[in-house]
Structure formats: C-alpha cells, structure tokens
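What follows is a set of notes on a single structure, which appears directly below.
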C-alpha cells in the first residue's frame with residue numbers, strides 16, 4: 001500500500017514565527033475550463049537576495065524537480081524592466097541585474113504530474129480528473145523572501161469552487177489570505193465541481209473535498225474514520241489544539257495519501273490490495289495521514305537526509321495506525337497478531353547486514369519496507385520492552401506525549417541524539433540503548449523475542465497468546481490492545 005508521506009499541519013495556536021519577513025506578497029492563479037491542466041500565475045513578490053524558487057522538498061524524483069513543468073517564466077521590475085533569469089538546481093532561479101524592491105513575476109505550470117512516473121504518486125504533486133484539479137503548493141508556487149499575510153486570488157471557471165485551508169477574505173469567494181510563505185509552499189487545494197463539507201472533532205475543524213463517484217460513495221466512512229481518529233490521537237497523546245485542516249479525497253488507480261501542511265491528499269483506488277477490503281484500506285490510509293497531521297507540525301523535527309523517515313513513517317504513523325485500529329475495534333486481536341507477523345517478515349526479508357533504519361531513509365522509495373515495516377517493528381519491539389520494564393506502567397505512547405511538549409513547532413529541533421536522550425530520561429538507559437541498536441545496527445530487531453515478554457508465542461508462522469503466559473504478561477498484552 002502506498003502511503004506517501006511526509007508530514008505537517010500548521011497549528012493555529014502554535015504557529016512558528018518567520019523572522020525578517022518581507023512585505024506582503026500577492027498571487028493570482030488562473031485556470032480555464034477549456035484547458036484546466038494549465039495554471040497561469042501572476043505575482044508580486046520580493047526576491048530572497050537575487051533568488052526566487054519553489055519548495056524543493058519531496059520533488060518525487062523528477063530530474064529537474066518541480067521546475068520540470070514551469071513554462072514562460074518572466075520577471076520584470078515594477079517599472080516594467082525585464083530581468084534575465086539563470087536557472088539553478090532545486091527549482092530555483094537567479095535574477096540577473098536585480099538589486100532591491102518588489103518584482104512582477106509571471107509563469108505557467110502545465111499539470112503533467114499525473115502523466116509521468118513519480119516516487120510516491122501524484123496525490124503529493126498534482127492531478128486532473130473529471131471533477132477538477134488538485135495542486136500541491138510546492139508544485140505550483142514560486143516564492144521569494146519569506147513574507148506574511150500573502151494574498152492569493154483564483155480566477156476559476158464558472159460554477160467551480162475551491163477547497164483550501166486558507167482564510168477567505170471578506171467579500172470574495174475566491175480570494176484568500178495565506179499566513180506566511182511556508183504555508184503557501186507547503187499546502188494543497190482542489191478546484192472544481194467536487195463536493196465539500198465541514199466536520200468538527202473537538203477543537204479541530206476539517207473541510208473535506210470529495211471528487212469522483214467511488215469516493216463519494218464512501219462519504220459516510222470517510223467522515224466516520226476521520227472524526228474517530230482525530231478524537232483518538234488527541235486522547236492518547238493528551239494534546240488538544242485548535243486547528244483548521246483540509247482533506248482531499250479523489251478517485252484514483254491506487255490507494256495512498258500524503259500530507260502537505262494542513263492538507264491531506266488521499267487517493268482512493270478501485271481495487272484494494274490483496275487481503276484487504278476497500279473500506280479497511282481507506283480507514284488505514286486516513287489513520288496514517290491523520291497521525292502525520294496531528295504530530296508533524298506540532299513537533300520540530302530535524303529532517304536532514306531522511307534520517308527520521310523510519311521515525312515518521314513506521315515508528316510513528318504505522319505504529320499509531322495499527323494500535324488505533326485494534327483499539328477502536330476495526331481489526332480483531334487475531335488480525336492484529338497476523339499483521340505483526342506479516343510486518344516482521346516483510347522487514348526481515350530486507351535485512352542484509354548492511355542497511356539500518358536511519359540510512360534507509362536516504363532512499364525511501366527503494367527502501368520502503370525497511371522504513372515502514374522496519375520502523376513499525378522497531379516501535380512494537382521497544383513498546384514490549386517498555387511495558388515489561390515498567391510492569392505495565394508505561395508504554396511507547398508516553399514518548400509522543402513528552403516529545404510534543406519538549407519539541408514544539410518553532411522550538412528546538414528533535415535530533416537523533418535528542419530522541420535517544422529523551423527515551424533514556426523517560427524509560428531508562430537500557431531502553432535508550434535498545435532503541436539505538438534497533439535503528440543504527442544492521443542486525444535484525446529481536447521482535448519475536450521481545451513478544452515473549454507479553455506472553456506471546458511464535459510457532460508455525462503464527463503469533464498467539466501462550467497458554468503459559470503469566471497473569472502480569474496477560475494484563476500487559478490486554479492493555480496493549482485496549483490502550
């Protein structure tokens with residue numbers, strides 16, 4: 001299953017402050033009914049030095065990054081003087097002859113992202129269907145110096161609506177105010193004839209944009225799953241936050257999801273992966289991506305070189321998703337045990353004595369099973385150790401609560417040494433040492449050995465509660481399942 005991945009929500013109550021911001025930028029995005037795959041952008045921005053550029057994070061393996069689809073880019077001064085441009089790596093350009101002040105920028109973006117191979121799917125970039133177009137901000141916008149209170153106006157075909165996380169300006173249905181440049185570049189929106197409606201869960205308001213007959217037939221399931229996972233994560237991680245979010249769900253040929261800022265983009269395939277029914281796959285994808293939104297931008301994480309991909313995806317999102325699903329009754333105990341075996345076998349098949357979890361994130365697409373299944377198995381193995389060492393008084397869930405408090409968005413970044421130190425402070429040095437071995441050593445994580453601490457036995461390819469499990473072990477396992 002493709003769960004793409006990355007992560008993020010800009011919280012309304014804990015927004016990171018961007019220092020030394022420029023004056024407000026302005027954008028106009030035009031989409032024509034006859035050619036909805038062409039977006040025409042005009043902007044007034046202030047360059048960063050002499051540079052303008054796109055968000056080069058997660059460029060999906062495109063040879064020329066997001067700039068692959070840029071055409072007719074032009075920069076002039078406010079007086080109309082045209083500046084030459086020099087294209088650079090990572091979808092950036094230097095403006096030759098520019099000295100200071102705002103510039104006028106115009107360019108086209110051709111939506112071809114769903115027509116070429118991408119590392120993790122077009123739901124993290126852009127796609128077009130019968131209902132309209134989905135754009136990720138990183139694939140569409142060129143920006144300059146970080147700015148605040150950015151104005152963006154959409155010129156759309158008649159009868160089209162736009163679903164976005166941005167605050168609508170009074171008096172105009174298609175003009176919005178974007179808090180800061182980071183929110184512009186790390187965003188997504190859907191424009192078209194789709195259906196949209198709002199949900200509330202605690203302090204969270206979420207707008208859903210649903211496109212396509214298959215997706216619309218699952219409206220009730222999407223609404224139910226989204227609400228219950230928001231409530232679950234707030235309760236388990238003991239963190240409530242006021243937030244405004246967007247979930248885009250659309251018919252697709254595959255199942256998957258990606259988080260971009262406060263937006264989640266889901267692809268709902270017609271056929272589920274082997275062994276799953278469509279509603280089960282949908283629920284899993286929603287739970288996985290809601291976790292990313294819940295955790296991703298509430299925490300400041302050092303993402304350099306993919307060293308935290310195992311942490312974000314397997315150790316975090318997959319661990320949280322499977323525990324949430326069994327605790328909410330969406331999967332049975334037997335199904336959960338079978339999944340543990342499946343994930344352990346998937347991970348172990350990739351163990352080669354050289355690659356470890358930290359290094360695997362440097363090429364997440366090639367090392368998918370190590371990042372996702374390996375990270376998940378590391379989390380479960382560590383959780384079993386924590387429960388055993390504390391006589392059931394602590395669990396891995398407690399770590400997320402502490403990390404959310406210790407490394408809030410806009411504060412000190414969580415690094416690998418910081419993570420290990422926090423684990424040591426919370427659970428003891430032996431647990432920290434175990435985690436360090438799981439993520440830095442190429443040796444196999446001792447998952448099945450640790451499972452015995454919960455009174456579980458592994459025989460003939462099956463994991464099951466042992467008849468010889470002590471009362472303490474039985475209690476710890478029951479608490480694992482119930483939360």
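Take the conditions within 30 Å of residue 363 (Cβ to Cβ), in the same structural domain as residue 174 (by TED's automatic domain parsing) and modelled with pLDDT under 95 and apply them to residue 115. Does it pass? For residue 115, the condition - within 30 Å of residue 363 (Cβ to Cβ), in the same structural domain as residue 174 (by TED's automatic domain parsing) and modelled with pLDDT under 95 - is met. Within segment 140-163, the set of residues being under 19 Å from the mean Cα position of the chain (by Cα) and either assigned to a strand (DSSP E or B) or modelled with pLDDT under 95 (or both) comprises 163 only. Helices (runs of 4 or more DSSP H) fully within segment 378-483 that include at least 3 residues being crowded, with 18+ Cβ neighbours inside 10 Å, at pLDDT 95 or above and touching a helix residue (DSSP H, G or I) at 6+ places or on another chain (Cβ under 9 Å): 416-427, 429-440, 447-451, 471-482.
Got at least one residue in segment 84-91 being in contact with a strand residue (DSSP E or B) (Cβ under 7 Å, 6 or more places away or on another chain), buried (at least 21 other Cβ atoms within 10 Å of the Cβ) and part of a strand (DSSP E or B)? No, the conditions are met nowhere in segment 84-91.
Of the set (1) assigned to a loop (DSSP other than H, G, I, E, B); (2) touching a residue at least 40 places away in the same chain (Cβ under 8 Å); (3) out of contact with any strand residue (DSSP E or B) (no Cβ under 9 Å at 6 or more places or on another chain), all apply to residue 170 but (2). Residues satisfying the criterion are absent from segment 93-103 (criterion: closer than 30 Å to residue 246 by Cα and either assigned to a loop (DSSP other than H, G, I, E, B) or in contact with a strand residue (DSSP E or B) (Cβ under 9 Å, 6 or more places away or on another chain) (or both)). When the helices (runs of 4 or more DSSP H) confined to segment 266-361 are screened for residues that are closer than 21 Å to residue 396 by Cβ and at pLDDT 95 or above, those reaching at least 1 such residues are found at 319-327, 333-348, 357-360.
Restrict the check to segment 143-150 and report whether at least one residue is surrounded by fewer than 23 Cβ atoms within 10 Å (Cβ to Cβ), free of Cβ contacts under 8 Å to residues at least 60 places away in the same chain and either assigned by TED's automatic domain parsing to the domain that holds residue 281 or closer than 30 Å to residue 95 by Cβ (or both). No, segment 143-150 contains no residue that is surrounded by fewer than 23 Cβ atoms within 10 Å (Cβ to Cβ), free of Cβ contacts under 8 Å to residues at least 60 places away in the same chain and either assigned by TED's automatic domain parsing to the domain that holds residue 281 or closer than 30 Å to residue 95 by Cβ (or both).
The values are calculated or read from the model by the stated rules, or taken from the named source; none is laboratory data. Keep in mind that what you see is a predicted model, and the values were worked out from it rather than measured. Every residue, glycine among them, receives a Cβ derived from its backbone with ideal geometry; neighbour counts consider all protein chains shown.
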